[in-house]
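The values are calculated or read from the model by the stated rules, or taken from the named source; none is laboratory data. All values derive from a computational prediction rather than experimental measurement. So basically every Cβ, Gly included, is an ideal-geometry build from the backbone, and we count neighbours across all protein chains shown. Note: areas computed on protein heavy atoms with side chains; ligands, DNA, RNA excluded. Shrake-Rupley method; radii C 1.70, N 1.55, O 1.52, S 1.80 Å.
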Amino acid sequence: MTMQISLISLSVQILTLAAMLALSVKLIRESGRNMTAVFWSFYLALWLLVDLYWLIYDLMRPEIRMPFAANEIGEAALFLFLAATINSARKHHTNLPFGYLAGTLFFALSNMILWIMWSGEIVQDVVSGAIFAWLFYCIVRSLRSEQVLTKAQWILLCIICCALIASEALTFVVSEDMKNVPDFCGYMILIAGTVFFVYMLIRAYRRGQTDALLFLSFSLSIWLKVSLYMSADNWYNYYLTLETPGVLLCYLAVRKAVRNV
């Protein structure tokens, strides 16, 4: 049943990505080849290819873990194009203060260590962790340079990220019969992070803050990807399903930002 739900969610995501890709290519022509629209279109195309690869593999070899393969290379390129999209849309170019940089690298390194402990695939997870570190750096730098979040909101986000890492790390420390407690707390924290970004998106939309809306939609999409990588079974399907409206929000934000240039 879990596999069937996953395949349905993945199929819906593929159809959505295909439709958005067609619209994004049209947006490139309408915007005079705006680089944000170009990078965004490449991002969607790569995501679509990765999803198609996953779908075919799941249909051919259900219940068998996929080894390091073409999809991993595709996902690496996927996140690099997302970082390029974020950087191309940034208007103010400022350096990231040391505290923000240290926090960003800590969160990226913590994710990488957790992936290694879960999968044991050191080379794959180190490469993915390095790319994620760059992606995290790009989005944090953009959020700060565009002054999207207040100091209090940055502190709240930092608390959420630290609590998430602590909860996931505890699953390796506590006894087997107590493992479900920090695991459940981790899922609740992931939901809290999702609610945080959704709330900020709604507020930015009501205030007509185009740039804030763009970077917050990217932030939500990245958070959902982090949540997906930290989830299993029904929780995995939950975040896989949420990714589709998440990327749709990104497309709408990109379209609005590109047309306002």
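Return P(r) of the range 147-199 (all Cα-Cα pairs; 5 Å bins starting at 0; whole %; ordered from short to long distances).
Whole-percent P(r) values from 0 Å outward: 4, 21, 25, 19, 13, 9, 6, 3, 1.
Note down the accessible area of residue 185, probe 1.4 Å, to the nearest 10 Å².
Using a 1.4 Å probe on the heavy atoms, I get roughly 60 Å².
Which order, highest average first, do 195-208, 124-137 follow once you tally other Cβ atoms within 10 Å for each residue and take the mean per peptide?
Top of the packing list down: 124-137, 195-208.
Accessible area per residue of the range 125-261 at 1.4 Å probe, in Å²?
That works out to 46 Å² for each residue.
Kirkwood-based Rg over Rh for the range 2-260 (C-alpha set), two decimals?
0.95
Tell me, what % of the accessible area of the range 2-260 is carbon and sulfur with a 1.4 angstrom probe?
68 percent
Given the peptides 214-225, 46-57, arrange them by the average over their residues of other C-beta atoms within 10 Å, most packed first.
Averaged packing, sorted descending, gives the order 214-225, 46-57.
Just to check, using Stokes-Einstein with a Kirkwood Rh over alpha carbon pairs, what's the diffusion coefficient of the range 143-237 at 10 °C and 1.306 mPa s in µm²/s?
110 µm²/s
Given a Förster distance of 22 angstrom, what is the FRET efficiency for residue 175 paired with residue 195, based on the Cβ-Cβ distance and rounded to 0.05?
That pair, residue 175 with residue 195, gives E of 0.10.
Taking the Cα centre of the chain as the origin and placing charges on Cβ (Lys, Arg +1; Asp, Glu -1), which of 184, 109, 16 is farthest toward the positive end of the dipole?
16
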